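**Q** Following this message is one structure expressed as structure tokens.
The values are calculated or read from the model by the stated rules, or taken from the named source; none is laboratory data. This one's a predicted model, so the numbers in the text were calculated from it and none came from an experiment. Quick reminder, even Gly has a Cβ in these numbers, built from the backbone with ideal geometry, and neighbours come from all protein chains shown.
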Amino acid sequence: MTSSSLANHTKCGSATEAGQAQLNLAVHKTLSFASKSCTLSGQKGEGGHPVVDVKGDMTVRGVTHEVSIPLEVAVDEQTLAARGVLTTTHEDFGFKPYSAAAGLVQNKPELYFVLDVRGQREAR
């Protein structure tokens, strides 16, 4: 994900979130995730579909942290859909949540990344 798409699709486009002490989008132009493994969890998601645990390395601000994202996966003959939420913290990636006015204004320590993947079989 590029910093421009992050700024366009989230509230993180503000000078506060994009600044040096936060996401530092001027220096770190991308967020990345590289999967290492996928395993069935044995659980069902809210939609009743199987949950797959996807483990991999996520890089934010140049810091890489191993994470696991539970994805509810629905597959049929033509389409694939996967959706899940990764919960991590600012400190996992080497920075502190934004805080101002002696802590009266501050972000929560948790970061939430929503992954929503859609795929369609290519016609042959």
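**Q** Could you tell me which residue of the range 1-44 is nearest to Arg61 (Cα to Cα), considering only residues that are within 13 Å of the chain's Cα centre (by Cα), of a type in the set (A, V, I, L, M) and at pLDDT 70 or above?
**A** Leu31
**Q** Let me ask you something else. Is there any pair with a first residue in the range 49-73 that is among the charged types (D, E, K, R) and a second that is modelled with pLDDT of 95 or more and part of a loop (DSSP other than H, G, I, E, B) whose Cβ atoms are under 6 Å apart and which are 6 or more apart or on different chains, and what are they?
**A** Between residues of the range 49-73 that are among the charged types (D, E, K, R) and residues that are modelled with pLDDT of 95 or more and part of a loop (DSSP other than H, G, I, E, B), the close pairs are Glu72/His49.
**Q** A further question on this structure: Tell me the strands (runs of 3 or more DSSP E) entirely within the range 47-123 that contain at least 1 residues that are farther than 16 Å from Ala34 by Cα and in contact with a Ser or Thr (Cβ under 9 Å, 6 or more places away or on another chain). Steps first, please.
**A** Details: elements: 50-60, 63-75, 79-89, 110-120.
Here the list reads 50-60, 110-120.
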